[in-house]
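Undergrad: Handing you this structure, nothing more for now.
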Amino acid sequence: SQSTTVTVEEPLPPRDHLVWSLFTTLYGNFCCLGLLAFVFSVKSRDRKMLGDNNGALSYGSTAKCLNITALVINIVIIVIVVTVFAVLLTRSAHVTSQYNYHP
């Protein structure tokens, strides 16, 4: 006698990126992108709980894009601030040494 076994694997549920959105909201909320990402993450989680995987995937993807955009903008801002600070510090040291000013 032969027996056939069929194994059906369910696809993984879509990611909602809720934790990432929470950290983006708390630490990098440039132009409210973090807050928007958090809202879309919550919507994604709600859709996932209702069984609407397509809706959850759509909202999760939007939250991911908003988180990436906020992250890139925050990195650019940090690089600009560090660069400006370094330039100002260098110029200040140059002016101080040019006039032999010793406080």
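The values are calculated or read from the model by the stated rules, or taken from the named source; none is laboratory data. These figures come from a predicted structure and were not determined experimentally. Because the Cβ atoms are built from the backbone with ideal geometry, glycine has one as well, and the counts that use them run over all protein chains shown. The area values use the complete protein model at the heavy-atom level, side chains included, leaving out ligands, DNA and RNA. Shrake-Rupley method; radii C 1.70, N 1.55, O 1.52, S 1.80 Å.
Undergrad: Determine whether region 48-56 contains at least one residue that is open to solvent by 70 Å² or more (accessible area, probe 1.4 Å), of a type in the set (D, E, K, R) and either under 11 Å from Asp16 (Cβ atoms) or in contact (Cβ under 8 Å) with a residue 60 or more places away in the chain (or both).
TA: no
Undergrad: Oh, and also: Say we look at region 1-47 and pick out the residues that are part of a loop (DSSP other than H, G, I, E, B) and within 12 Å of the chain's Cα centre (by Cα); which of these is surrounded by the most Cβ atoms within 10 Å (Cβ to Cβ)?
TA: Looking at the filtered set, the residue picked out is His17.
Undergrad: When you look at Phe85, is it surrounded by 16 or more Cβ atoms within 10 Å (Cβ to Cβ) and part of a helix (DSSP H, G or I), yes or no?
TA: No: the conditions fail for Phe85.
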